[in-house]
Structure formats: C-alpha cells, structure tokens
Amino acid sequence: MRTFQSFSLLLGAALVALTSCAKLGSGEKKPDEEAQSPFGASGIPPQLRAKSPESGTPVTPGGNAPSANSSLKITPEEDIVFTDPDNPDATLPELATLLAAPKRRGPWEESETIAKQRAAREGKPLLIWFTDSATSPMCRALSQELFNTPDFQGWAAEKLIRLKVDAFIDVHDPDLTIDQINTRRIDMKNYVARLKKQYKILGQPSLVLLNPSGEVVGRYRGYKRGDAQYFWGLIKHGEAVSANAYKEWRSGLEKKGYREWEDRNKRKVFARLTSYSNGTLNLIEPDGTRSRTEEGKLSDKDRDWITEQKKLRNMQ
C-alpha cells in the first residue's frame with residue numbers, strides 16, 4: 001500500500017513538472033526556429049524597428065499642420081546677432097579692402113594663398129600647373145598649344161582660378177641686394193618643393209584641380225604634342241564636376257544663413273552676417289575670413305534685406 005502511494009506521489013510530481021516545462025517552453029523559440037525567421041526573434045524588419053536610424057523622423061505634436069513661420073524666408077535668429085551698439089568689434093578689416101582685386105602680373109597667380117582665397121571667394125575651381133619652363137619641352141608645348149591660346153584663356157578667365165608653380169627660379173629685382181636675391185631664391189625653391197610634396201608631384205608637366213573648398217577633384221600628368229583639345233576636355237570635365245559639387249555645398253551653407261552680398265562696385269562675397277550695430281555689419285566667409293562693412297556701402301538689394309530683418313525684430 002505504501003509502495004502504491006509513493007508511486008502515485010512520484011507520478012503526480014512528474015506530471016506537474018512536465019506541465020510547467022510545457023508552459024515555459026511555449027513562449028520560447030528554438031534556435032533552429034529563430035534562424036528560419038529572416039527578421040530575427042521580433043519578426044520586424046530592422047528598418048521598421050523603433051530604434052533603427054532608418055525608421056524615420058518622429059512626428060512632432062501637430063502632425064502635418066504647417067508652421068506659422070513656414071512662409072517667412074528669413075535667416076534664423078541663431079544665425080544673426082544684433083549686438084549692443086556700445087560693444088562693436090573694432091578689429092575686423094574693411095570688406096572693401098578684402099574685395100579689392102590684388103595686382104597680378106598675368107593670368108596665372110604666383111601665390112598659393114592668394115589663389116586659394118580667390119577660388120573660395122569667387123566659387124571657382126583652382127587649377128595648379130606644375131611646370132619647368134627652362135628644361136621641359138613638354139611644358140613649353142603645353143603652354144604654346146593650349147594655355148597661351150585665346151580660346152583657352154577666355155574660357156579659363158571665366159571658369160577657373162589659375163596658379164603656376166615653376167621649378168625654374170629666376171629672381172630679377174633691381175631693388176634687392178645679392179644676399180636678398182639669394183634668400184628670395186631659396187625661399188621660392190622651398191615653396192615649390194613644399195607644394196610638390198603636398199600634391200605628390202613626381203614630374204612636369206603636372207596639373208591638379210581643386211574645388212573652391214580646397215579638395216582635389218582632378219589630376220593630369222604629362223602631355224603629348226597635338227593633344228591640346230583632349231587635354232582641355234579633361235580639364236573641362238573636372239571643372240564641371242567641381243561646379244556641380246559647389247552648388248550643393250553652397251546650397252547647404254545658404255540654409256545656415258550664408259548669402260551673397262554685393263557692394264556698390266558690383267563686387268560680391270558669399271558670407272554670413274554675424275552681427276549688426278548702428279549700420280555696421282560684421283560678416284564671416286565659409287573659410288573663416290571675417291570682415292566689416294557699412295550698410296551704406298552695400299547694394300540696394302542688400303539694404304532692403306537688412307531693412308526687412310530690422311522690421312521683423314521691431315528695430316528702428
């Protein structure tokens with residue numbers, strides 16, 4: 001009798017244990033079952049999960065209701081600071097001075113600094129020509145067959161900023177002493193060597209095309225007589241690629257408050273207004289160059305824009 005009771009108790013305990021295991025196992029998937037689901041245990045595609053970066057932008061309260069200021073195309077408040085008239089920044093250079101065209105000896109710049117500043121300010125790609133005018137026949141051929149032709153010069157004047165880096169150093173300045181001439185020659189050799197190393201130039205002629213922000217968009221090495229049109233086509237393609245990229249870059253900056261300003265002499269600069277005080281404007285260009293100008297020196301269009309901004313802020 002006792003044996004039968006013990007057996008019954010053991011049988012009951014086993015049934016309870018099996019029932020519990022069945023309940024626990026019913027909510028879990030076996031590894032092979034989970035592997036059969038292409039979206040994992042959740043069954044939800046990754047792009048639709050809440051924490052996925054592809055799941056979209058959460059809808060803010062108000063749904064698709066238009067914003068009250070959606071029709072006002074003005075620069076955001078955080079991008080313009082109207083300063084205290086008693087605390088203007090007096091250390092900035094005058095914009096007219098920066099926009100004044102530097103004196104150049106020819107169509108090719110000789111200073112990398114000036115060439116890059118012009119490229120950034122004018123929104124044009126920079127073509128750097130590494131040459132050796134004294135010892136390289138192909139450099140002379142490229143100059144004669146393409147760079148010195150009226151057609152190329154007219155096109156390049158509109159589309160490019162040009163910089164020539166000549167390995168042949170020739171210093172002629174009657175105002176310099178012999179020691180000063182030697183020092184100038186050494187400085188220029190170091191300048192050429194630095195640029196050749198920076199742009200990985202191994203021979204001449206070599207050309208490098210930079211977009212207005214200074215990124216390399218094209219490299220052209222060597223030249224063969226009679227290939228002027230083909231070589232020009234390569235440069236044109238690089239210029240077109242740079243122009244398209246510049247449009248996107250500029251559009252992105254316009255959303256951050258940058259715009260084109262023009263003075264009374266029709267000179268233009270792409271910059272953002274950082275502060276305004278009693279008719280004085282402080283501007284910053286994309287490359288960080290800061291300048292100051294007066295409202296009266298700007299175009300009528302710019303002055304109308306300033307008037308609109310002042311009205312929006314209830315300024316007299």
(message) Run the simple label-point estimate for ARG267 and ARG194 please: 7 Å along Cα→C-beta, distance reported in nm.
(response) 2.6
(message) Please list, by residue number, every one of the trypsin sites (Lys or Arg not before Pro) in segment 204-244 that is coil in DSSP and has at most 13 other beta-carbon atoms within 10 Å.
(response) LYS224, ARG225
(request) Would you grab the residues whose amide H sits under 5 Å from the one on GLU109? Only those 5+ places off in sequence or on another chain, please, with H modelled 1.01 Å from N. (result) ARG162, LEU163, LYS164
(message) Please rank PHE270, PHE168, fewest neighbouring Cβ atoms within 10 Å first, as an exposure proxy.
(response) PHE168, PHE270
(request) Order by neighbour count: LYS297, LYS310, LYS255, fewest other Cβ atoms within 10 Å first, most last. (result) LYS255, LYS310, LYS297
(request) Give the distance, in whole Å, between the Cα centre of segment 250-294 and the Cα centre of segment 155-197. (result) 33
(message) Take GLN309 and VAL216, extend 7 Å from each Cα along the Cα→Cβ direction, and tell me the distance between the two endpoints in nm.
(response) 3.9
(message) As a quick test, which of the pairs LYS236/LYS301; LYS159/LYS197; LYS159/LYS297; LYS197/LYS247; LYS159/LYS266 have an alpha carbon distance above 24 angstrom in this structure?
(response) LYS236/LYS301; LYS159/LYS197; LYS159/LYS297; LYS197/LYS247
(request) Using θ = phi - 60° and the Karplus relation 6.51 cos²θ - 1.76 cosθ + 1.60, list the HN-Hα couplings for segment 208-216 in order, rounded to whole Hz, with x at every Gly or Pro. (result) 10, 10, 10, 7, x, 8, x, 8, 6
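A short reminder: the numbers here are calculations on the coordinates, not readings from a lab. Computed from a predicted structure; not experimentally measured. A quick note on method: Cβ atoms are made from the backbone with ideal geometry, for glycine too, and the neighbour counts reach across all protein chains shown.
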